[in-house]
Each structure stands twice: as C-alpha cells, then as structure tokens.
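**Q** First the structure, which I've put down as structure tokens, then a few questions once you've had a look.
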Amino acid sequence: MRKFVTNLFVFLIIVLLFNGIVFVFANDNYYKGYKDFPSKNYHSFLIADSHGIPLEKSAEKFKIFNFSASSDSYLDSSRKINYLIENKYKIKTIYLTVDNHTLSPYRDQFNNADKSVIYTSTIDTNYLKEKYLKYYFPIFQIKVNPLLRIYLESKIAAVFSPKKNAQENVMWSKLPKKEQLKRAEERISGQFPTPSRSKNLERILLNIIAVCKANNIELIGLKFPLSSSYSTILGDKNYGADQIFISKGLKVIDVETIYVNHEEYFGDQDHLNFKGGKELVESIFNKIKNP
C-alpha cells in the first residue's frame, strides 16, 4: 500500500511538472496574440473575427478598442462581452460582426473556444471548468499538446535543415480575374457548407443581444467589405445574422460593397489589407462620436 501511495505521489508530481511546462508554453505561444485585455479608458469596442484584424489599432483614434481575433465565433465574442460586463467596464457601444457567414456551422468547429477561456466569467456557463480546468491545466487541452510537439519538432528541424527562402505572395489586386474567382469560390464553399445555419451560434447571438439590452449597451452590427470576385460568387448566400439584428430593431452598418471597385484595398477574397482597414475606419467612424 505504501509503495502504491509513493508511486501515485511520484506520478502526480511528474504530471504537475509536465503541466507546468505546457502552461508556460501555452501562455508564451498558444495564447500569445490572443490575450489582449482592454484598458478601462475604452467605452466602445469592435468585436469580430479575422475581418476586423486589418482595422488594427486605427479605431483607437475614435476611442474604439479593436477586440477582434482570427477565427472568433459568437461563443468567443460572448465571452469577451461578458468579461467586459463582469469587470465593470463602462460600455457604451459594441460593434459586432454580422457577416453572411458568421452563423455558419463550420464556426462550431473552427473557433477560439480553447483560447477564449481566458475571458470566461461567472456569467458564462461551465465557468469553473472553462476558466480553471482548461486554462490552468492545459495538458487537458486538445489543441495545446500537439502544438507543443510541432513547436519542438520545428526547433529541431531548424538546427538540422537549411533555411528556405519564403516565397512572396502575389498581391490580391495583381492576380488574374480568373484566379480571383477561383479563390473566392473555394472560400465560399468552406464558409457555406450547408443550407441551414448553426442553431447553437444563433442561440448564442440571441443571448448576446439580450445581455447587451439588459446592460444598456448599444449593439450595432457590422458587415465588412467584400471584393468584387467574392461578391459575384456569393450571390444571395447568407446565414442571416444581419437579419436577426434588424428583426430586433438593431442598427446594421452594411459596407459589403463599399470597395468593390478598389481591389487594392484587399488582402484576399474577403479580407481587407491594412491599407483598406485604415480607409474603412475613416469611412465608418469619422462621423460617429465615441466619447
């Protein structure tokens, strides 16, 4: 019995040490770039997926904090909003993405659910599990452990393999129209895999609307610009996040077609580049005061 207890104790020590290593790695690598706790000087926030990234810090000129992150779903957005509320930010306005694809079922799988646990608050369901078990014990994270292995393998490969020159990507505006349409079709095929939207994300979006209303937060929808090639292939495909906003009497800023004749503002099919992001900020927020 004593030997069993001793072995169990040693095993637990090894597990905790390994967890400590993975925890340090996760904070330095996995959560790096995602941890972005806003200053309480901000009262307006832009919350979006990768489409909000090109706006970078430009929105700060108008006192709007860009809380966007690549692959964020409405689950991640909800956690961020609840975090702001619980930590007593004086929130005036939230600009939330309501693009045609944001209620897509693919966002149920491809999101930042494992990362946004850092913003989990007592308002969220499964608070203890999400906030403490997943964050402080990353060895249980499905995505973190493989990343540690890949990270270590890349370091080893860098020592024994010669460096290769990275090929420069051709600018979106310089691509032939045929290639632009091909890439747009591939993107849309992935974003609209089924005729019906995600019921889970719809439920979360409706909850976001209710939470903002209960806390006297002005919630405004935002539809980001699309390239002409993407718009052409997209047609009338829309999972309807914007329509939910409109049905609830909420304002939607629709700038999908604002740059259809300005391919130089795009980095790819449906994402602005940083030049386009800066231009969009001026177009949208120049007439909006956000004290």
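The values are calculated or read from the model by the stated rules, or taken from the named source; none is laboratory data. Quick caveat: nothing in here was measured; it's all calculated off a predicted structure. Glycine also receives a Cβ, built like all others from the backbone with ideal geometry; neighbour counts cover every protein chain displayed. Please note that ligands, DNA and RNA were not included when accessible areas were found on the heavy atoms of the full protein model with its side chains. Shrake-Rupley method; radii C 1.70, N 1.55, O 1.52, S 1.80 Å.
**Q** Among (1) modelled with pLDDT of 95 or more; (2) crowded, with 18+ Cβ neighbours inside 10 Å; (3) β-branched (Val, Ile, Thr), which single condition is ILE284 missing?
**A** (1)
**Q** Can you tell me which residue in region 194-214 is farthest from GLY52 (Cα to Cα), limited to those that are open to solvent by less than 70 Å² (accessible area, probe 1.4 Å) and outside any helix (DSSP H, G or I)?
**A** THR194
**Q** OK, next. I need the full set of residues from region 53-70 which are assigned to a helix (DSSP H, G or I) and under 17 Å from ARG187 (Cβ atoms), in order please.
**A** Residues of region 53-70 assigned to a helix (DSSP H, G or I): 53-55, 58-62.
ILE53, PRO54, listed by residue number.
**Q** When region 237-278 is examined, which residues are found to be among the hydroxyl-bearing types (Ser, Thr, Tyr) and either open to solvent by 70 Å² or more (accessible area, probe 1.4 Å) or under 22 Å from GLU60 (Cα atoms) (or both)?
**A** SER247, THR257, TYR265
**Q** Just for region 82-123: of the residues that are in a helix (DSSP H, G or I) and of a type in the set (Asp, Glu), which one is farthest from ALA241 (Cα to Cα)?
**A** Among them, the one singled out is GLU86.
**Q** Which condition number does LEU234 fail, the rest of (1) in contact with a helix residue (DSSP H, G or I) (Cβ under 9 Å, 6 or more places away or on another chain); (2) open to solvent by 70 Å² or more (accessible area, probe 1.4 Å) being met?
**A** With (1) in contact with a helix residue (DSSP H, G or I) (Cβ under 9 Å, 6 or more places away or on another chain); (2) open to solvent by 70 Å² or more (accessible area, probe 1.4 Å) applied to LEU234, the lone miss is (2).
**Q** For VAL117, only one of the following conditions fails: (1) open to solvent by less than 10 Å² (accessible area, probe 1.4 Å); (2) modelled with pLDDT of 90 or more. What is its number?
**A** All conditions pass for VAL117, except number (2).
**Q** A follow-up question, please. I'm trying to understand the selection: among the residues of region 66-102, which are farther than 24 Å from THR257 by Cα, in contact with a strand residue (DSSP E or B) (Cβ under 6 Å, 6 or more places away or on another chain) and open to solvent by 10 Å² or more (accessible area, probe 1.4 Å)?
**A** If the condition is that a residue be farther than 24 Å from THR257 by Cα, in contact with a strand residue (DSSP E or B) (Cβ under 6 Å, 6 or more places away or on another chain) and open to solvent by 10 Å² or more (accessible area, probe 1.4 Å), then LYS92 is the only one that fits.
**Q** Within region 242-249, is there a residue that is of a type in the set (S, T, N, Q), at pLDDT 95 or above and either in contact with a Gly (Cβ under 7 Å, 6 or more places away or on another chain) or not in a loop (DSSP other than H, G, I, E, B) (or both)?
**A** Within region 242-249, one or more residues are of a type in the set (S, T, N, Q), at pLDDT 95 or above and either in contact with a Gly (Cβ under 7 Å, 6 or more places away or on another chain) or not in a loop (DSSP other than H, G, I, E, B) (or both).
**Q** Still on this model: Out of the residues in region 181-193 that are crowded, with 18+ Cβ neighbours inside 10 Å and of a type in the set (Lys, Arg), which is farthest from GLY235 (Cα to Cα)?
**A** Per the criteria, the residue is ARG183.
**Q** Please determine, by comparing only the residues of region 56-77 that are modelled with pLDDT of 95 or more and under 21 Å from ASP268 (Cα atoms), which one is farthest from the chain's Cα centre (by Cα).
**A** Within region 56-77, the match that is farthest from the chain's Cα centre (by Cα) is ASN66.
**Q** Please determine whether any residue of region 191-204 is farther than 30 Å from LYS92 by Cα and free of Cβ contacts under 8 Å to residues at least 60 places away in the same chain.
**A** yes
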